[in-house]
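**Q** Pasting a structure below so you can have a look.
The values are calculated or read from the model by the stated rules, or taken from the named source; none is laboratory data. All figures in this text were calculated on a predicted structure; none of them were measured in a lab. Ideal geometry is used to build each Cβ from the backbone, glycine not excepted, and the neighbour counts take in all protein chains shown.
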Amino acid sequence: MDSSALDRALVGRLMGDATLMALMPDGVFFDVGGHGATAFVIVGLLSDHDDPMFGGRAYEDPEYVVKAVHLATSADVADEAAARIDALVAIPVTADGYTCTALERVERIAYTEVDDLDPSIRYQHRGGRYALAAAPSAEAPGPPPWVQGGWIQP
């Protein structure tokens with residue numbers, strides 16, 4: 001099972017939305033924005049907990065930061081993009097090998113990053129931390145070979 005399929009599904013969902021791409025035309029990036037980008041979305045994996053089950057994973061619960069970043073003195077466009085992100089992730093994502101629930105926002109992100117050398121340069125950051133629950137969509141593996149069938153253990 002490829003956990004990065006979850007990352008790709010989330011990025012693909014965001015990149016495939018014409019409304020979001022009109023607001024953030026420089027694209028969607030994983031972890032770090034592109035050189036020279038001034039209006040973009042960042043997706044980053046904050047944590048991922050796996051719950052084991054018979055030599056595999058029962059489910060994963062990754063948590064992502066998803067935020068719009070906009071070079072502007074006003075946060076209006078970044079706010080609009082964050083609202084669009086929130087609407088897009090409310091629909092369950094489709095990831096190869098997984099059954100996923102919708103992402104749930106667990107924390108809002110809203111801050112302004114001011115350049116150290118030129119205080120007139122301001123990046124508006126708006127979005128949130130989102131939790132996802134994902135389970136393997138394939139048939140779960142059976143019990144280990146030492147478990148005997150046909151009798152009930154006391």
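**Q** Out of the stretch 17-43, which residues are at pLDDT 95 or above, out of contact with any helix residue (DSSP H, G or I) (no Cβ under 8 Å at 6 or more places or on another chain) and of a type outside the set (A, V, I, L, M)?
**A** Pro25, Asp26, Phe29, Thr38, Phe40, listed by residue number.
**Q** Please list, ordered by first then second residue, the pairs with beta carbon atoms under 7 Å, 6 or more apart or interchain, first in the stretch 17-38 and without any contact (Cβ under 8 Å) to a residue 24 or more places away in the chain and on the phi > 0 side of the Ramachandran plot, second assigned to a loop (DSSP other than H, G, I, E, B) and surrounded by fewer than 18 Cβ atoms within 10 Å (Cβ to Cβ).
**A** That search, which allows pairs on different chains as well, returns Gly27/Gly34.
Here's the yes/no breakdown for (1) more than 16 Å from the chain's Cα centre (by Cα); (2) more than 16 Å from Gly127 (Cα to Cα); (3) assigned to a loop (DSSP other than H, G, I, E, B):
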site	(1), (2), (3)
Val11	no, no, no
Val32	no, no, yes
Gly36	yes, yes, yes
Leu45	no, no, no
His49	no, yes, no
Asp61	no, yes, no
Pro92	no, yes, yes
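**Q** May I pose another question? Taking the stretch 65-123 only, how many residues are of a type in the set (A, V, I, L, M, F, W, C), in contact with a strand residue (DSSP E or B) (Cβ under 8 Å, 6 or more places away or on another chain) and within 20 Å of Gly33 (Cβ to Cβ)? Spell out how you get there, then give the answer.
**A** Let us first name the residues in the stretch 65-123 that are of a type in the set (A, V, I, L, M, F, W, C), namely 65-66, 68-69, 71-72, 75, 77-78, 81-83, 85, 87-91, 93, 95, 100, 102-103, 106, 109-110, 114, 117, 121.
With the extra rule that they be in contact with a strand residue (DSSP E or B) (Cβ under 8 Å, 6 or more places away or on another chain), the set shrinks to 65-66, 68-69, 71-72, 75, 77-78, 81-82, 85, 89, 93, 95, 100, 103, 106, 109-110, 114, 121.
Restricting the remaining residues to those that are within 20 Å of Gly33 (Cβ to Cβ) gives 65-66, 68-69, 71-72, 75, 77-78, 81-82, 85, 89, 109-110, 114, 121.
Qualifying residue count for the region: 17.
**Q** Further question: From the set of residues in the stretch 46-66 that are aromatic (Phe, Trp, Tyr) and surrounded by 15 or more Cβ atoms within 10 Å (Cβ to Cβ), which is modelled with the lowest pLDDT?
**A** Here is the first cut: in the stretch 46-66, the ones aromatic (Phe, Trp, Tyr) are 54, 59, 64.
With the extra rule that they be surrounded by 15 or more Cβ atoms within 10 Å (Cβ to Cβ), the set shrinks to 59, 64.
Numbers: Tyr59: 66, Tyr64: 94.
Across the stretch 46-66, the extreme among qualifying residues is Tyr59.
**Q** Right, another one. Tyr123 - would you say it is within 23 Å of Gly27 (Cβ to Cβ), surrounded by fewer than 12 Cβ atoms within 10 Å (Cβ to Cβ), of a type in the set (Phe, Trp, Tyr) and modelled with pLDDT of 90 or more? Steps first, please.
**A** On the way: within 23 Å of Gly27 (Cβ to Cβ): yes; surrounded by fewer than 12 Cβ atoms within 10 Å (Cβ to Cβ): no; of a type in the set (Phe, Trp, Tyr): yes; modelled with pLDDT of 90 or more: yes.
For Tyr123, the condition - within 23 Å of Gly27 (Cβ to Cβ), surrounded by fewer than 12 Cβ atoms within 10 Å (Cβ to Cβ), of a type in the set (Phe, Trp, Tyr) and modelled with pLDDT of 90 or more - is not met.
**Q** Moving on. Can you tell me which residue is surrounded by the most Cβ atoms within 10 Å (Cβ to Cβ) among those in the stretch 1-45 that are of a type in the set (S, T, N, Q) and over 17 Å from Ala83 (Cβ atoms)? If you could, list the steps in order and put the result at the bottom.
**A** Of the residues in the stretch 1-45, the ones of a type in the set (S, T, N, Q) are 3-4, 19, 38.
So of that shortlist, the ones also over 17 Å from Ala83 (Cβ atoms) come out as 3-4, 38.
Numbers: Ser3: 16, Ser4: 10, Thr38: 14.
Result: Ser3.
**Q** Now a separate question. Which ones in the stretch 94-120 are aliphatic (A, V, I, L, M) and either closer than 21 Å to Glu60 by Cα or not in a loop (DSSP other than H, G, I, E, B) (or both)?
**A** So in the stretch 94-120, the residues aliphatic (A, V, I, L, M) come out as 95, 102-103, 106, 109-110, 114, 117.
Selection gives Ala95, Ala102, Leu103, Val106, Ile109, Ala110, Val114.
**Q** Here's a follow-up. Of the conditions (1) of a type in the set (A, V, I, L, M, F, W, C); (2) within 25 Å of Thr19 (Cβ to Cβ); (3) surrounded by fewer than 16 Cβ atoms within 10 Å (Cβ to Cβ), Ala131 clears all except one; give me its number.
**A** (3)
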